[in-house]
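All remarks here apply to the structure that follows.
Bear in mind these aren't lab numbers, they're just calculated from the coordinates by the rules spelled out. Being a predicted model, the structure only gives us computed values, none of them experimental. Positions of Cβ are generated from backbone atoms using ideal geometry, with glycine treated the same way; all protein chains shown enter the neighbour counts.
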Amino acid sequence: MDGVTVINHPLVQHKLTFMRRKETSTAGFRRLLREISTLLCYEVTRDLELTVETIETPMVEMEAPVLEGKKLVFASILRAGNGLLEGMLDLVPSARVSHVGVYRDHETLQPVEYYFKAPENLSERLVIVVDPMLATGNSSIAAVDKLKERGAKNLRFVCLLAAPEGLKHFREAHPDVPIFTASIDSHLNEQGYIVPGLGDAGDRMYGTK
Ligand code: URA
């Protein structure tokens with residue numbers, strides 16, 4: 001699908017399989033999510049611009065490439081987005097962070113917003129929105145709507161699993177936002193869960209069920 005990149009690196013696929021297994025413990029799930037998010041971060045930042053800084057090596061002065069890390073914002077869709085956020089910050093510690101609190105009403109499957117905090121000048125930054133599951137797309141679309149309302153113009157979306165229904169919905173709502181995912185699964189079930197999926201990412205991360 002146009003605008004969708006599936007990150008099929010063997011390490012990502014291997015770790016994802018362990019995350020899907022129902023017997024994987026909460027601690028194991030969290031550790032794998034953190035590890036996999038560094039790999040996803042590597043892919044989504046592959047084309048970031050570099051500037052140069054004058055540094056001194058033990059030998060000479062040189063112009064050396066550096067990232068403009070402060071220009072980057074990771075926007076975590078609470079609460080499961082925080083699992084991806086941690087690994088991303090391991091790789092880009094100077095990135096700014098936005099939190100968008102959106103939960104899914106289990107009956108209507110519609111997003112309900114309860115929290116929003118973002119750094120200033122979103123319009124000058126690359127905003128990488130993170131949420132492990134792109135299911136119906138409702139929460140992700142609502143989060144991106146909100147970030148755009150606050151000025152964000154340059155966005156990318158990273159998830160672990162996407163349902164074809166969610167991908168289509170998201171791409172229709174935000175065709176300017178490229179999506180990076182480790183897998184496109186089969187479909188959504190009647191409760192809006194991704195199949196085969198991995199269950200409720202938030203519950204599996206925090207042991208709440
Ligand atoms: N959110 C989850 O955590 N899991 C799904 O399968 C769908 C949405």
With a point put 7 Å past each Cα toward its Cβ, work out how far M1 is from S25 in nm, to one decimal. 3.6 nm
How about K22: which lysines have a C-alpha closer than 24 Å to its C-alpha, ignoring those fewer than 8 places off in the same chain? K209
What list of whole percents do you get for P(r) of segment 4-206, with Cα-Cα distances grouped in 10 Å bins up to the one holding the largest distance? 9, 36, 35, 14, 5, 1, 0
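Compute the FRET efficiency between T108 and E86 as 1/(1 + (r/R0)^6), taking r as their Cβ-Cβ distance and R0 = 35 Å, and round to the nearest 0.05.
0.70
At a Förster distance of 45 Å, what's the computed FRET efficiency of N189 paired with V60, Cβ-Cβ distance as r, to 0.05?
The formula returns an efficiency of 0.15 here.
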Quick one: helix 26-44 against the long Cα principal axis of the chain, what's the angle to the nearest 10°, folded into 0 to 90? 50 degrees
Quick check: the angle from helix 164-173's long axis to the longest principal axis of the chain, C-alpha only, nearest 10 degrees? 60 degrees
Measuring from the longest principal axis of the C-alpha atoms of the chain, the long axis of helix 81-91 (C-alpha) lies at a number of degrees, nearest 10, equal to 20 degrees
Fewest-first ordering of L33, L126 by Cβ atoms within 10 Å yields L126, L33
Just for the chain, what percent of DSSP beta bridges are antiparallel, to the closest 5? 35 percent
Can you give the extra length, in nm with one decimal, that the chain gains between E53 and H9 once fully stretched, where that is 0.36 nm per residue apart less the Cα-Cα distance? 12.7 nm
As a check on your grasp of the helix formula, calculate [θ] at 222 nm for the chain: sum -39500 (n - 2.57) over DSSP H runs of n ≥ 4, divide by the residue count, round to the nearest 500. -10000 deg cm²/dmol
